[in-house]
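Let me begin by presenting the structure, written as structure tokens, before commenting on it.
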Ligand SMILES: *Cc1c(COP(=O)(O)O)cnc(C)c1O
């Protein structure tokens, strides 16, 4: 039996390929340092695990959960948005729980697209925006994110007829992979743009709590009128080191939340309730783990910046997220540099072209290993490349 055309065109997920390379090197007995994957290395805070342990024994949690999420979980999300962003959300109508935000990001296109429809997709970017679009039979229209534009899409560059045909506008700040942030004035322009062309804005904001030098990134939902045109995907994954738990949410425009919830209720049955109780604990319990986490990433960021500068790179450090987005040295492509560094130094970096063709010429470093491993990774890189030429 032949798979669908969309599936035939779908390569294994970027990180599945990287995991494969790590496994192969490990088999050969090579000590690999992975700066490749955006998955926090720190454990989930203990009070959250304790809540999970307690909740798992309650038989009421062993049954099918509600597919849109416990009201108490959605209430906790609403409280968090009020405290953190001063945004009011109705937990009954404006929030839906997700099996990790990736799930909702992938499904929103299926809920909104007819065959041949267009979504506006930033590039370089998280691959799921474009993949979800294609799997739903749609076409991504690529909005390039360029350094000279501070990695923000230029709305004026989107052709009128494309904007008019498009359905979803994806954006992601703090940005993976570039580390860029957006301010409220940009978000307000996006609201206007969405209004003019009747677009659904899908803001993806899992890194809102990971920022440096005292910065507190804002939410799209803070922009005036945002709730009328869009939703924001968020997640416990990065804020509380909970990537494996699979819990996130979408919040914002009531209609889109209802549509996504109705879609999901037909294909999944929601998040395991014990995990939702752990999620409530994460959002409402002590928040000091976030400060600790920020301090850890800040030290790693500063160390990586020192090293990159010493090796000859002239880069602006990321303001947020735990990534560096770095140009490859002269004579390399993204792939050839990543392969060279893996083979000669045993260090995994992510080739920028994995984030789309506008990522070509760059690589991404994730600060998800401890300082001593970052130090060793750069020592090894220095040995094989010396000083960098551009
Ligand atoms: C990590 C990440 C997510 C969050 O994924 P979850 O499914 O919530 O774990 C979403 N978007 C981007 C850009 C990410 O890097």
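Coordinate-derived values only; no laboratory data. Quantities reported herein were computed from a predicted structural model and do not represent experimental measurements. Cβ coordinates were reconstructed from backbone atoms using ideal geometry, including for glycine residues, and neighbour counts include every protein chain displayed.
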Provide the gained length on full extension for the span residue 154 to residue 371, in nm with one decimal, where the gain is 0.36 nm per separating residue minus the Cα-Cα distance.
74.5 nm
Between residue 16 and residue 84, what FRET efficiency comes out of the Förster formula 1/(1 + (r/R0)^6) with R0 = 22 Å and r the beta carbon distance, rounded to 0.05?
0.10
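Ranked highest first by average number of other Cβ atoms within 10 Å, how do 19-28, 284-293, 374-383, 353-362 line up?
Those peptides, ordered most packed to least, come out 353-362, 374-383, 284-293, 19-28.
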Once a ≥ b ≥ c are taken as the square roots of the eigenvalues of the Cα gyration tensor of segment 91-210, is the result rounded (a/c under 1.5), prolate (a/b larger than b/c) or oblate (a/b not larger than b/c)?
rounded
Acute angle (nearest 10 degrees) that the helix 371-385 long axis makes with the longest principal axis of the chain, alpha-carbon atoms:
50 degrees
As a check on your grasp of the helix formula, calculate [θ] at 222 nm for the chain: sum -39500 (n - 2.57) over DSSP H runs of n ≥ 4, divide by the residue count, round to the nearest 500.
-13000 deg cm²/dmol
Measure of size requested: the Rg and Dmax of segment 62-284, with Cα atoms as the atom set and Å as the unit; please supply both.
16.4, 52
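At R0 = 41 Å, how high is the FRET efficiency between residue 333 and residue 26 if r is their beta carbon distance? Nearest 0.05 is fine. Provide the component values of the computation, followed by the final result.
On the way: r = 26 Å, r/R0 = 0.62.
E(calc), rounded to 0.05, equals 0.95.
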Compute the angle between helix 71-85 and the longest alpha-carbon principal axis of the chain, please, reported from 0 to 90 degrees and rounded to the nearest 10.
60 degrees
Given a Förster distance of 51 angstrom, what is the FRET efficiency for residue 382 paired with residue 254, based on the Cβ-Cβ distance and rounded to 0.05?
0.40
Between the modelled labels at residue 213 and residue 343 (7 Å from Cα along Cα→Cβ) the distance in nm is 3.9 nm
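Sort 202, 218 by Cβ crowding within 10 Å, fewest neighbours at the top.
Ordered from fewest to most neighbouring Cβ atoms within 10 Å, 202, 218 come out as 218, 202.
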Considering only C-alpha atoms, what is the centroid distance from segment 327-390 to segment 222-288, in Å?
34 Å
Can you give me the orientation-averaged projected area of the convex hull built on the Cα atoms of the chain, in nm²?
20.1 nm²
Taking only the alpha carbons of segment 153-235, what extent do you get along each of the three principal axes, in Å, biggest first?
41, 24, 22
By the Cα gyration tensor axes a ≥ b ≥ c (a/c under 1.5 gives rounded; else a/b larger than b/c gives prolate, otherwise oblate), the shape of segment 1-150 is oblate
Springs between alpha-carbon atoms under 10 Å, Gaussian network over the chain: tell me which of 60, 78, 366 tops the mean-square fluctuations.
60
Can you give the three extents of the C-alpha atoms in segment 240-354 along their principal axes, from longest to shortest, in whole Å?
51, 34, 28
Which of the peptides 178-184, 241-247 is most tightly packed, and how do the rest follow, going by the mean number of other Cβ atoms within 10 Å of each residue?
178-184, 241-247
Relative to the longest principal axis of the C-alpha atoms of the chain, give the angle of the C-alpha long axis of helix 254-265, reported between 0 and 90° and rounded to the nearest 10°.
80 degrees
Testing the spin-label approximation: label points 7 Å from Cα along Cα→Cβ at residue 224 and residue 357. State their distance in nm.
4.0 nm
Computed over the Cα atoms, what is the radius of gyration of segment 97-153 divided by 2.2 N^0.38 Å, N being its residue count?
1.19
